[in-house]
Structures are given as C-alpha cells and as structure tokens.
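Novice: Got a structure for you, questions after.
Any read-out appearing in this document is the output of simple, stated calculations on the displayed coordinates, not a laboratory observation. Quick caveat, the model's predicted, so the values are computed rather than measured. Methodologically, a virtual Cβ is constructed for each residue, glycine included, from the backbone with ideal geometry; neighbour enumeration extends over all protein chains shown.
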Amino acid sequence: MHRTPFNGSVPRILLVDDNPRDLQLMGEAFADCGMSVRLRLAHGAEQALAALADPEGRPDLLMLDLNMPKMDGRALLARIAEHPEWANIRTVVLTSSSRAADMQFCSELGALSYYVKPSTWDDYLALTRSLKIHFCQPA
C-alpha cells in the first residue's frame, strides 16, 4: 500500500510536557533523525488546549506527558476525547509512568501508543524513528 505523510504536507506535532529539557530532547531527536516536522511546544496542558483550539494550528500528532502540574495529561486526554473536532488528532503518550493502569486509561481514551520516556540519547533516537509510523496514512 502506498503511504503519504499527512496528505503530502509536513506533519505538525504538538509536544506537551512541563519539563523544558524533555521538550528540547524530543525536538533534537526529530532533527537528528532527519524528520521534516513542524514542532509546537506546550509547557503544560493549558497551553496545549490553547493550541488545540486554534483550527489553523491544530496538530496532526499530539505527544503528551501524563505527569504535569495543574491539569495533568490524563485530564487533558479526557478533555480531548470529549471534543469531536479533535477526534482525528493522533495522540501518543510519552511519560515516565510505566503503570499498567495509566496505559489502559490512555488506550481507552484513544491514545495510539504509549511510551515510557527514554533514559539515553540512543533511546530517544530509537523512539523518534519508531514514531514514523504515526506520520503516515493511506493515500
């Protein structure tokens, strides 16, 4: 089957994490893997909601941390699930939690994948390469 990245456009990715270093590492990993993407960073769920509410800037892929202050990623995922206009946004959870209950919760709310945050640079690169599947859809 022929596959094209988001109908031929450069994928827009919204990275949501309260840790600036984790946002930086993912951005660097995308660049080092040679992936052409437009990254938008959200330093928490509130910024993510603002980005999602902007139809012009709506992402093709949302990468979401679970453990954040104020509104955590679980609550954000539940809010996303409540909005039909956001239903087509692919969501990948990238968090420090390896709890089965978190994995199940995220799956039930529509997350495509669940990854525990890498601990080495090579693991960040491997994760980024594995995400390529989320950047393609049937033509």
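Novice: Around P59, under 12 Å between beta carbons, what's the net of Lys plus Arg minus Asp minus Glu among the other residues?
Specialist: Local charge sum for P59: +2.
Novice: Where both partners of a DSSP beta bridge lie in the chain, what percent of those bridges are antiparallel, to the nearest 5?
Specialist: Rounded to the nearest five, the antiparallel share is 10 percent.
Novice: Taking R0 as 22 Å, what FRET efficiency do you get between A50 and L112 from their Cβ-Cβ distance, rounded to the nearest 0.05?
Specialist: 0.45
Novice: What's the center-to-center distance, using Cα atoms, between the stretch 16-65 and the stretch 78-119 in Å?
Specialist: Their Cα centres are 14 Å away from one another.
Novice: Related question: Does the chain classify as rounded, prolate or oblate by the C-alpha gyration tensor (a ≥ b ≥ c root eigenvalues; a/c under 1.5 gives rounded; else a/b over b/c gives prolate, otherwise oblate)?
Specialist: Cα axes put the chain in the rounded bin.
Novice: If each DSSP helix of 4+ residues adds -39,500 (n - 2.57) and the sum is divided by the residues in the chain, what number results at 222 nm, nearest 500 deg cm²/dmol?
Specialist: Value at 222 nm, helices only, nearest 500: -11000 deg cm²/dmol.
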